[in-house]
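Structure first, commentary second.
The values are calculated or read from the model by the stated rules, or taken from the named source; none is laboratory data. What you see is a predicted model, and the numbers here were worked out from it, not measured in a lab. Here the Cβ positions follow ideal geometry from the backbone for every residue, glycine too, while neighbour counts run over all protein chains shown.
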Amino acid sequence: MPTPKHLAIIMDGNGRWAKARGRGRFYGHIRGARVARKIIEECARLKISYLTLFAFSTENWLRPPEEVQFLMTLLRHRLRRERKTLMENNIRVHCIGDLQRLPQDLQREIKSCIQETDKNTGLNLIFALSYGGRQEITQAVRDLCQRVKNGELEPSDIDEARLQTQLDSSFAPDPDLIIRTSGEMRLSNFYLWQAAYSEIFVTHKNWPEFTAEDLRESLQYFAQRERRFGRTGEQVAQVIT
């Protein structure tokens, strides 16, 4: 069964899952973090090359300050606690987004985790933190404009490939499959450029309910898709044969 080279997940529904059980939103985030660990390990076992987890969006800064602070603390705690697991599973960590907005202690933990896992050759685990697709594209355009201003580029040098090299995620291929939990039918400012030809799998399960079996179901869905990239089905069949 063909598997995606790059899988991306919008982990949604922690708060709703907790509320439905009479618990606070923080409890949902804790359970969501545990699910993330299991899915990361399963992706490593399945030999998926890249996994992006949309962990904290640019818009999430608008949440109540106490929830934002809790999420920052939880992220730092999980990065520190799971370091041994990352090394045992040969996982290399990357982060994309406006990391300068994160608390200093979390920035240090991220930097340390990236450095320690830098030589690992298995799954590339990408955390999208303080990340927004529109903001990523805007910053890429600014960088290109500055290069034109400096005389390094001509406007005619700028094409899709050149712009893509300026994106935070330029080191990774575009996601083949994007999974969204909680039944929401939108990208929510996630990988707007990169998702142009991504297959999208939506489940009504909230993230704390998502299991390895659900992951396999999404991969089966992906395997059944005919990815044409603008070509006809007959052309794709000729390329395959």
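Please find, within the range 21-52, the residue that is nearest to I178 (Cα to Cα) out of those that are of a type in the set (G, A, S) and buried (at least 18 other Cβ atoms within 10 Å of the Cβ).
Filtering first and then ranking leaves A36.
Check off (1) buried (at least 17 other Cβ atoms within 10 Å of the Cβ); (2) within 19 Å of the chain's Cα centre (by Cα) for T165 and give me the number that stays unchecked.
Just one mismatch for T165, condition (1).
Go through the range 123-181 residue by residue and tally those that are under 14 Å from A8 (Cβ atoms) and of a type in the set (V, I, T).
4
In the range 58-93, how many are β-branched (V, I, T) and part of a helix (DSSP H, G or I)?
Total meeting the criteria: 4.
For the range 207-229, indicate whether the set of residues that are under 20 Å from N14 (Cα atoms), at pLDDT 95 or above, polar (S, T, N, Q) and in a helix (DSSP H, G or I) is non-empty.
For the range 207-229, residues under 20 Å from N14 (Cα atoms), at pLDDT 95 or above, polar (S, T, N, Q) and in a helix (DSSP H, G or I): present.
Among the candidates A55, A18, A44, single out the residue that is at pLDDT 95 or above, part of a helix (DSSP H, G or I) and in contact with a Leu (Cβ under 6 Å, 6 or more places away or on another chain).
When all the criteria are applied, what remains is A44.
Under 7 Å between Cβ atoms, which residue pairs at least 6 apart in sequence (or on different chains) link something in the range 168-190 that is in contact (Cβ under 8 Å) with a residue 60 or more places away in the chain with a partner that is hydrophobic (A, V, I, L, M, F, W, C) and part of a loop (DSSP other than H, G, I, E, B)?
What qualifies is T181/M11; T181/F210.
Here are the criteria: (1) part of a helix (DSSP H, G or I); (2) surrounded by 14 or more Cβ atoms within 10 Å (Cβ to Cβ); (3) in contact with a Lys or Arg (Cβ under 8 Å, 6 or more places away or on another chain). Tell me which single one L125 does not satisfy.
It is condition (1) that L125 fails.
Kindly indicate whether any position in the range 192-205 is farther than 26 Å from R21 by Cα, of a type in the set (D, E, K, R) and surrounded by fewer than 17 Cβ atoms within 10 Å (Cβ to Cβ).
There is no residue in the range 192-205 that is farther than 26 Å from R21 by Cα, of a type in the set (D, E, K, R) and surrounded by fewer than 17 Cβ atoms within 10 Å (Cβ to Cβ).
I'd like the full set of residues that are closer than 25 Å to R216 by Cα and either surrounded by fewer than 15 Cβ atoms within 10 Å (Cβ to Cβ) or touching a helix residue (DSSP H, G or I) at 6+ places or on another chain (Cβ under 8 Å) (or both), limited to the range 53-68.
Across the range 53-68, the qualifying residues are L53, A55, F56.
Between residues in the range 97-124 that are touching a residue at least 12 places away in the same chain (Cβ under 8 Å) and residues that are among the hydroxyl-bearing types (S, T, Y) and assigned to a loop (DSSP other than H, G, I, E, B), which pairs lie under 9 Å by C-beta distance while being six or more apart or on different chains?
Filtered contacts from the range 97-124: G122/S49; L123/S49; N124/S49.
Across the range 41-59, what is the total count of residues that are in contact with a strand residue (DSSP E or B) (Cβ under 8 Å, 6 or more places away or on another chain) and either among the hydroxyl-bearing types (S, T, Y) or free of Cβ contacts under 8 Å to residues at least 60 places away in the same chain (or both)?
Here the count works out to 5.
Taking A140 as the residue in question, decide whether it is assigned to a helix (DSSP H, G or I) and of a type outside the set (K, R).
yes
Could we say that T117 is crowded, with 17+ Cβ neighbours inside 10 Å and under 24 Å from L163 (Cα atoms) here?
no
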